[in-house]
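Colleague: This structure is in structure tokens; I'll ask about it shortly.
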Amino acid sequence: MPEFIDSILKEHRIFFPSEEFKRKAIIKSMAEYSKLYKKSVENPEAFWSGMAQQLDWLKKWDVVLRNDAGFFKWFEGGYLNVSCNCLDRIIKSGKKDKIAFIWEPESGESKTYTYGQLLKEVCRFANVLKKKGVQRGHVVEIYLPMIPELPIAMLACARIGAIHSVVFAGFSYDALKDRIQDSNAELLITADGSFRNGKVFPLKGNADAALKECPTIKNVVVVKRTGSSVNMQNSRDYWWHELIKEKDIKDFCEPERMHSEESLFILYTSGTTGKPKGILHTQAGYLLYVYQTFKWIFDIKDKDVYFCTADIGWITGHSYIVYGPLSNGATVVMYEGSPTFPKPDRFWRIVEKHKVTIFYTAPTAIRALAKEGDEWPSRCNLSSLRLLGTVGEPINPEAWVWYHKVIGKDKCPVVDTWWQTETGGILITPLPGATPLKPGSATKPFFGIVADVLREDGSKANADEGGYLVIRNPWPGMLRTVWNNPDRYKHTYFEKFGVYLTGDTAKIDKDGYFWIMGRIDDVIKVAGHRIGSAEVESSLVSHAAVAEAAVVPYPHEIKGQAIYAFVVLKNGIKKNDELKEGLKKHVADHVGPIAKPDKIQFADDLPKTRSGKIMRRILKVIAEGSTDYGNIMTLADPGVVEVLAKNMVK
Ligand code: WT7
């Protein structure tokens, strides 16, 4: 049983939406929310099939929902195409010349794509994929930075029924290799490099290293982004800009007729083992869920300019940069670089320049930018903003209040949206025109979502009692399985309680507000990114000097959590700072800079049970600088704990 430490500040402030915001909002009051919520959970099938009428179907479904031995199916018998719903359908509604994407590069001029232009680019690239042999049901691996070719490639896959698997461009070759190998992708799309803080990150070099062990990849399409010199392998590697120009590539690509439950994409996420899980999302249910959540939670209007700072390499970007906004015909700002390049006012400059009305970011960015001082945002004109959002980890009330006051000028509601790669879209969230806000709480479940907090024995926790956060009912955006591993799907998510286990702990207060407390598993949230401790540990152990490693999170002012590694060296290896740096670099090179431990402690021994299991729980207490170990008498050698604590890295 994990310990549910009551670390959350007692928070009594409540913020109400302004009368003006309410009046114009799609959902205008708690009364309206409650009425519709009741209907949505009493008869979810009627609710969701009503909502599904808004999409363009090639054929309507026969059954709304079916439980196939624990695997949920939505809208079976229905056919549609996701790219048509994001492009052709919007164009048909008269928005051909509306801007879909405003792309803001790290340096240089921004570039726009109208819905009409985007459709053409998507179709041309879809035709390229087909010409290279990609067929419906094939997996296409995408390893691209935040450039327009990334959403274009995803939508092109959706158009022809290929399954995309995007790997965050900040990951390195081992992480890429593992993901390609698990997905059996057949074509890889990458770039000659990516820009980050003015420096070039060698994407193609990483891809080449990974591909040495990925025999399934037959072709590689390379986008020219940085102009760095790269090695192009004959009859495997092709330039995007050359392929797209070939004479037989047409401006239109007939969309595939996709069954609701065919696969749309795989996105890997960290779990408790070293092997990342391929979370599978399918066509209709996912599209409907991101369409509807985006529409109501971001209260989207035709004139809005929406800016989400996430990377498309994570689920936030899939759902709320690409599929949710486009299916609503929204204008989306997509930014290539880091929040502080060249200066800490970059986000605020972008808001000012493009007159952003809705801004969605992560608590880690808010904390980092708040620390830089109010002068940065106060020098920019942020008056276009009307709504703010946050996602990725719990937001501390002080950061929330800063965001509300300094960025939102006390007039923009803040939607703290709780969800996961697995959930496809937002599950617990305020509705900005209705929900009174409590800083630090994601507030209430979205329509059709029955969320609850359970005790170890499966009984319902009392108000304010911490426990396991579960979702009691299926929803259209939920994951359908773990790619190639249905047993892992059942085991991870349904075995414990028979209802969907989120992996988070939470409590519900007396007003029915949800307060997310943290993870129960070995997932570490570094700056909102989900890092599996096992993935970092395997990387450390792959270093020639390392015999054994255990990594745990510790609280970090900006990142929320950072990684603390306990490392046991092989016999005869000298412990020194140079080796520590070498180990950090090793992890950054192999897994990616985000997985790099901030602190490394050399240890002669790790606390283990008599059966040899490392007790990470105790290591976590040490890394936090506490001595609250709990019972250590079950350890094979309890003396280890004191030695480690004495040498803890501050
Ligand atoms: C985990 C999922 C979902 C998009 C980005 C992360 C944590 C997410 C919140 C929030 C508190 C949050 C949870 C969750 N989390 N949003 N608003 N408040 N915690 O997706 O990488 O799959 O991570 O992020 O721990 O389980 P992900």
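Colleague: Considering the stretch 627-649 alone, what residues qualify as being more than 18 Å from K613 (Cα to Cα) and either buried (at least 17 other Cβ atoms within 10 Å of the Cβ) or touching a strand residue (DSSP E or B) at 6+ places or on another chain (Cβ under 7 Å) (or both)? Talk me through it step by step, then tell me what you get.
Modeller: Our first condition is that a residue be more than 18 Å from K613 (Cα to Cα); within the stretch 627-649, this holds for 627-628, 642-643, 645-649.
If the condition is that a residue be more than 18 Å from K613 (Cα to Cα) and either buried (at least 17 other Cβ atoms within 10 Å of the Cβ) or touching a strand residue (DSSP E or B) at 6+ places or on another chain (Cβ under 7 Å) (or both), then N647, M648, V649 are the ones that fit.
Colleague: Take the residues in the stretch 220-237 that are crowded, with 19+ Cβ neighbours inside 10 Å and not β-branched (V, I, T); name whichever of them is farthest from the chain's Cα centre (by Cα).
Modeller: D237
Colleague: Does the stretch 224-245 contain at least one residue that is of a type in the set (V, I, T), more than 22 Å from A185 (Cβ to Cβ) and either within 16 Å of the ligand (Cβ to nearest atom) or touching a Pro at 6+ places or on another chain (Cβ under 8 Å) (or both)? Give the derivation first.
Modeller: Going residue by residue through the stretch 224-245, those that are of a type in the set (V, I, T) are 226, 230, 244.
Going one step further and asking which of them are more than 22 Å from A185 (Cβ to Cβ), we end up with 226.
When the remaining residues are screened for being either within 16 Å of the ligand (Cβ to nearest atom) or touching a Pro at 6+ places or on another chain (Cβ under 8 Å) (or both), the result is none.
No, the stretch 224-245 contains no residue that is of a type in the set (V, I, T), more than 22 Å from A185 (Cβ to Cβ) and either within 16 Å of the ligand (Cβ to nearest atom) or touching a Pro at 6+ places or on another chain (Cβ under 8 Å) (or both).
Colleague: Quick check on the stretch 478-492. Is at least one of its residues within 16 Å of the ligand (Cβ to nearest atom), without any contact (Cβ under 8 Å) to a residue 60 or more places away in the chain and surrounded by fewer than 22 Cβ atoms within 10 Å (Cβ to Cβ)?
Modeller: no
Colleague: Just to be sure before I move on: is S83 among the polar types (S, T, N, Q), closer than 23 Å to K245 by Cα, within 26 Å of the chain's Cα centre (by Cα) and outside any strand (DSSP E or B) in the structure I sent? Write out each step before concluding.
Modeller: Values: among the polar types (S, T, N, Q): yes; closer than 23 Å to K245 by Cα: yes; within 26 Å of the chain's Cα centre (by Cα): yes; outside any strand (DSSP E or B): yes.
Here the answer is yes, as S83 does meet what is asked.
Colleague: With the requirement that a residue be in contact (Cβ under 8 Å) with a residue 60 or more places away in the chain and either in contact with a Phe, Trp or Tyr (Cβ under 6 Å, 6 or more places away or on another chain) or within 16 Å of the ligand (Cβ to nearest atom) (or both), what does the stretch 368-387 give you? Quick ask: steps written out before the conclusion?
Modeller: Step one: of the stretch 368-387, the residues in contact (Cβ under 8 Å) with a residue 60 or more places away in the chain are 368, 371, 384, 386-387.
Listed by number, the list holds a single entry, L387.
Colleague: Pick out the one residue from T421, T390 that is within 13 Å of the ligand (Cβ to nearest atom), part of a loop (DSSP other than H, G, I, E, B), within 30 Å of N473 (Cα to Cα) and touching a Phe, Trp or Tyr at 6+ places or on another chain (Cβ under 8 Å). So that I can check it myself, show each step before the final result.
Modeller: Details: T390 fails: part of a loop (DSSP other than H, G, I, E, B).
After ruling out the rest, the residue left standing is T421.
Colleague: Is there a residue being more than 27 Å from K295 (Cβ to Cβ) and among the hydroxyl-bearing types (S, T, Y) anywhere in the stretch 104-118? Quick ask: steps written out before the conclusion?
Modeller: Applying the first criterion (more than 27 Å from K295 (Cβ to Cβ)) to the stretch 104-118 yields 105-109.
Still in the running and among the hydroxyl-bearing types (S, T, Y): 107.
Checked the stretch 104-118: at least one residue is more than 27 Å from K295 (Cβ to Cβ) and among the hydroxyl-bearing types (S, T, Y).
Colleague: Separate question: Only one of G278, G271, G324 is within 16 Å of the ligand (Cβ to nearest atom) and at pLDDT below 95; which? Give the steps one after another, and end with the answer.
Modeller: Values: G278 fails: at pLDDT below 95; G324 fails: at pLDDT below 95.
Of G278, G271, G324, the one residue that is within 16 Å of the ligand (Cβ to nearest atom) and at pLDDT below 95 is G271.
A quick yes/no check of all residues on (1) among the charged types (D, E, K, R); (2) out of contact with any strand residue (DSSP E or B) (no Cβ under 9 Å at 6 or more places or on another chain):
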residue: Y320; (1), (2): no, no
residue: Y323; (1), (2): no, no
residue: A330; (1), (2): no, no
residue: T340; (1), (2): no, yes
residue: K343; (1), (2): yes, yes
residue: W348; (1), (2): no, yes
residue: V356; (1), (2): no, no
residue: Y360; (1), (2): no, no
residue: P363; (1), (2): no, no
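Colleague: Scan the stretch 512-551 for residues that are more than 16 Å from the ligand (Cβ to nearest atom), without any contact (Cβ under 8 Å) to a residue 24 or more places away in the chain and not small (G, A, S) and jot them down.
Modeller: V541
Colleague: Conditions: (1) surrounded by fewer than 21 Cβ atoms within 10 Å (Cβ to Cβ); (2) under 29 Å from N43 (Cβ atoms); (3) touching a strand residue (DSSP E or B) at 6+ places or on another chain (Cβ under 8 Å). S384 meets all but one. Number of the miss?
Modeller: The number of the failed condition is (2).
Colleague: In the set A365, A399, which member is more than 20 Å from the chain's Cα centre (by Cα) and within 15 Å of the ligand (Cβ to nearest atom)?
Modeller: On the way: A365 fails: more than 20 Å from the chain's Cα centre (by Cα).
Only one candidate passes the filter, namely A399.
Colleague: Looking only at the stretch 174-210, filter to residues that are surrounded by fewer than 24 Cβ atoms within 10 Å (Cβ to Cβ) and of a type in the set (S, T, N, Q); which one of those is farthest from V221 (Cα to Cα)?
Modeller: Restricting to residues being surrounded by fewer than 24 Cβ atoms within 10 Å (Cβ to Cβ) and of a type in the set (S, T, N, Q), the top hit is N197.
The values are calculated or read from the model by the stated rules, or taken from the named source; none is laboratory data. Keep in mind that this is a model prediction, so the values were computed, not measured. Virtual Cβ from ideal backbone geometry, glycine too; neighbours counted across all protein chains shown.
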